[in-house]
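To keep things clear, I will list the structure first and then write my remarks on it.
The values are calculated or read from the model by the stated rules, or taken from the named source; none is laboratory data. Small disclaimer: the values here were computed from a predicted structure and weren't measured. Positions of Cβ are generated from backbone atoms using ideal geometry, with glycine treated the same way; all protein chains shown enter the neighbour counts. SASA here: full protein model, heavy atoms, side chains in, ligands and nucleic acids out. Shrake-Rupley method; radii C 1.70, N 1.55, O 1.52, S 1.80 Å.
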Amino acid sequence: MDARTTIKLAVCNFQDDPLETRRLALENGFSGVDWTFKLDELPEDPAGESEIIGKIAALHPLEVRYHCAFKEVDLGDEDATKARAAMALFRRICRLVHRLEGRFVTIHLGLGREAMNGLSWDRTTKALSELVSFARGLGIRICLENLASGWSSRPELFEKLIRRSGAGVTLDIGHAAVSHSVETQHYAVEDFVLPHQEKVFNAHIYHEERDDVHLPPNRLEDVEERLNLLRSLSCDWWVLELREPAALFQTLSIVNEYFQSNGRLTGS
């Protein structure tokens with residue numbers, strides 16, 4: 001990646017008030033917000049849709065991208081009724097994001113499952129490809145995030161999911177570091193992205209996930225190699241994926257230290 005390329009740092013919408021999120025972001029050098037949808041907050045009618053449109057508008061001039069962290073909502077569920085419901089939900093999300101003038105939606109496979117029992121590989125790849133195509137027609141890029149366990153935690157299977165579906169990639173460096181494939185040294189973090197470097201559109205930045213908690217780095221060396229990997233890619237959207245202020249600002253400090261030591265300015 002050209003050294004002149006700017007990195008956009010994004011913060012999660014962990015605060016209830018979008019104006020407070022906007023203030024925190026602008027005062028601390030963030031360029032965007034990674035907006036995580038909650039199932040119980042999705043609009044059910046035009047009034048609800050107008051409400052969320054207003055919340056997103058309140059974040060201006062920050063760029064907004066979207067994140068669907070829905071546990072046990074899977075396109076490839078072996079239960080055909082559940083699989084159809086998942087597809088309908090994700091299409092609904094895509095239509096909403098289109099109205100919000102969004103361009104990127106990150107989804108998961110197998111989130112909240114201890115094992116991939118109950119999921120069909122064939123149904124998953126076919127449905128993911130169908131969703132990618134549907135979203136593309138709305139000007140939206142569906143990106144698949146690598147998780148700490150399951151199919152997307154294995155670089156060789158993650159590569160197949162991306163290649164067969166045409167999805168983009170959201171690289172979660174904390175998930176990658178603790179995946180069994182990396183911890184056992186069968187693969188390295190870079191194996192999640194090297195087969196499809198041009199398809200990495202988003203990155204989630206923190207040290208590692210333990211017991212479903214995102215932990216911040218304690219020093220630059222904790223994340224430096226993974227940030228160097230991101231620098232080598234065309235990905236310019238770095239989400240500091242921490243929802244507790246102290247952890248967020250600790251990570252921000254270390255990321256800023258990284259930029260200073262590498263002569264890199266962030267977009268603003």
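What are the pairs, 6+ residues apart or on separate chains, where a residue within region 84-102 that is within 12 Å of Val73 (Cβ to Cβ) has its Cβ under 6 Å from a residue that is acidic (Asp, Glu) and at pLDDT 95 or above?
Partner pairs satisfying both residue conditions: Ala86/Asp74.
Among what's in region 29-52 and is touching a Cys at 6+ places or on another chain (Cβ under 7 Å) and open to solvent by less than 20 Å² (accessible area, probe 1.4 Å), pick the residue that is farthest from Phe249 (Cα to Cα). First the steps, then the outcome.
Residues of region 29-52 that are touching a Cys at 6+ places or on another chain (Cβ under 7 Å), as a first pass: 34, 36-37.
Applying the additional criterion that residues be open to solvent by less than 20 Å² (accessible area, probe 1.4 Å) yields 34, 37.
Details: Asp34: 16, Phe37: 23 Å.
Filtering region 29-52 for residues that are touching a Cys at 6+ places or on another chain (Cβ under 7 Å) and open to solvent by less than 20 Å² (accessible area, probe 1.4 Å), the one farthest from Phe249 (Cα to Cα) comes out as Phe37.
Given (1) open to solvent by 40 Å² or more (accessible area, probe 1.4 Å); (2) at pLDDT 95 or above; (3) touching a Cys at 6+ places or on another chain (Cβ under 7 Å), identify the lone condition not met by Arg243.
Result: Arg243 fails condition (2) only.
When you scan region 174-203, how many residues do you find that are in contact (Cβ under 8 Å) with a residue 60 or more places away in the chain and either within 16 Å of Leu147 (Cβ to Cβ) or surrounded by fewer than 20 Cβ atoms within 10 Å (Cβ to Cβ) (or both)? Give the derivation first.
Pass one, region 174-203, residues in contact (Cβ under 8 Å) with a residue 60 or more places away in the chain: 174, 201-202.
Among the residues that remain, those that are also either within 16 Å of Leu147 (Cβ to Cβ) or surrounded by fewer than 20 Cβ atoms within 10 Å (Cβ to Cβ) (or both) are: 174, 202.
The qualifying residues number 2.
Pull out all pairs, ordered by first then second residue, where Cβ-Cβ is under 9 Å, the residues are six or more apart or on different chains, the first lies in region 42-62 and is under 18 Å from Cys94 (Cβ atoms) and without any contact (Cβ under 8 Å) to a residue 24 or more places away in the chain, and the second is part of a helix (DSSP H, G or I) and open to solvent by 20 Å² or more (accessible area, probe 1.4 Å).
Gly48/Glu41
Assigned to a loop (DSSP other than H, G, I, E, B) and surrounded by 17 or more Cβ atoms within 10 Å (Cβ to Cβ): is that true of Leu131 in this structure?
No.
Looking at Ala115, Ala127, Ala69, which one is under 20 Å from the mean Cα position of the chain (by Cα), at pLDDT below 95 and under 30 Å from Ser181 (Cα atoms)?
Details: Ala115 fails: under 20 Å from the mean Cα position of the chain (by Cα); Ala127 fails: at pLDDT below 95.
Selected residue: Ala69, the only one of Ala115, Ala127, Ala69 that is under 20 Å from the mean Cα position of the chain (by Cα), at pLDDT below 95 and under 30 Å from Ser181 (Cα atoms).
Of Leu119, Leu26, which residue is open to solvent by 30 Å² or more (accessible area, probe 1.4 Å) and in contact with a Leu (Cβ under 8 Å, 6 or more places away or on another chain)?
Details: Leu119 fails: open to solvent by 30 Å² or more (accessible area, probe 1.4 Å).
The conditions single out Leu26.
Residues in region 195-206: is at least one assigned to a helix (DSSP H, G or I), within 29 Å of Leu161 (Cα to Cα) and in contact with an Asp or Glu (Cβ under 9 Å, 6 or more places away or on another chain)?
Taking every residue of region 195-206 in turn, at least one turns out to be assigned to a helix (DSSP H, G or I), within 29 Å of Leu161 (Cα to Cα) and in contact with an Asp or Glu (Cβ under 9 Å, 6 or more places away or on another chain).
Checking Asn13 against (1) within 15 Å of Val239 (Cα to Cα); (2) modelled with pLDDT of 95 or more; (3) open to solvent by 40 Å² or more (accessible area, probe 1.4 Å), which test does it fail?
Checking Asn13 against (1) within 15 Å of Val239 (Cα to Cα); (2) modelled with pLDDT of 95 or more; (3) open to solvent by 40 Å² or more (accessible area, probe 1.4 Å), the one that fails is (3).
Write out, first by first residue and then by second, each pair whose Cβ atoms fall under 6 Å of each other, whose residues are 6+ apart or on separate chains, and whose first residue, in region 11-39, is farther than 11 Å from Leu59 by Cα while the second is assigned to a helix (DSSP H, G or I) and among the hydroxyl-bearing types (Ser, Thr, Tyr).
Listed by first residue and then by second, the contacts come to Gln15/Thr21.
Out of curiosity, is Leu171 in a strand (DSSP E or B), buried (at least 21 other Cβ atoms within 10 Å of the Cβ), touching an Asp or Glu at 6+ places or on another chain (Cβ under 9 Å) and among the aliphatic types (A, V, I, L, M)?
Yes: the conditions hold for Leu171.
For region 22-45, give me each residue that is farther than 17 Å from Ile107 by Cα and of a type in the set (S, T, N, Q).
Hits for region 22-45 are Asn28, Ser31.
Can you confirm whether Lys55 is open to solvent by 10 Å² or more (accessible area, probe 1.4 Å), within 27 Å of Leu147 (Cα to Cα) and out of contact with any His (no Cβ under 8 Å at 6 or more places or on another chain)?
Considered against the rule, which asks whether it is open to solvent by 10 Å² or more (accessible area, probe 1.4 Å), within 27 Å of Leu147 (Cα to Cα) and out of contact with any His (no Cβ under 8 Å at 6 or more places or on another chain), Lys55 comes out as no.
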